[in-house]
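Have a look at the structure below before the remarks.
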Amino acid sequence: MLNTMWSTNSPRRHKPLKILFFLAAVIAFALFLGIVVMLLWNAILPDLTGVTEIKLWQAIGLLVLSRILFGGFHWGKYRGRWKTRKSQWREKWMHMSDEEKSAFKEKWRERCGKGGIRSGEGVKEG
């Protein structure tokens, strides 16, 4: 068993190398993005707004903060969720009768408040 586990043909032998490569790639990508943010910040904002220049770790911190605040860098199971919902609503809308569409619009006018476009002014019927 031990002999086959470390043989040259075993996929288990390459797993630690793959993990190390993946970690190195993630770190390199984070450093690259940090350098880009740092260079853009230092080239534009000090002259424009008078803020001080930032270092690489501050730029990486800004990336992390923007991820927390704005939820960017969507990877994994949430990718494409908006497109799926949008297509579901479009499909539902296409199968509604005219009476159902007008009732739906009226409910949303009530929810969104009175006045302006929200209450139906400028909304195209049909």
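List, please: which pairs have Cβ atoms under 8 Å, are six or more places apart or on different chains, and start with a residue in the range 97-126 that is surrounded by 10 or more Cβ atoms within 10 Å (Cβ to Cβ) and end with one that is polar (S, T, N, Q) and at pLDDT below 85?
Matching pairs, first to second residue: Arg109/Ser119; Cys112/Ser119.
Per-residue answers, yes or no, for (1) loosely packed, with under 11 Cβ neighbours inside 10 Å; (2) at pLDDT below 85; (3) more than 16 Å from Gln58 (Cβ to Cβ):
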site	(1), (2), (3)
Ser10	no, yes, yes
Arg13	no, yes, yes
Pro16	yes, yes, yes
Ile19	yes, no, yes
Gly34	no, no, no
Val37	no, no, no
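Matching residues to (1) charged (D, E, K, R); (2) at pLDDT below 85; (3) outside any helix (DSSP H, G or I); (4) under 30 Å from Leu31 (Cβ atoms):
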| position | (1), (2), (3), (4) |
| --- | --- |
| Gln58 | no, no, no, yes |
| Lys83 | yes, yes, no, no |
| Lys105 | yes, no, no, no |
| Gly122 | no, yes, yes, no |
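The values are calculated or read from the model by the stated rules, or taken from the named source; none is laboratory data. Note that the structure is predicted; figures quoted are calculated from it, not measured. In this analysis, Cβ positions are derived from the backbone assuming ideal geometry, glycine residues included, and neighbour counts consider all displayed protein chains.
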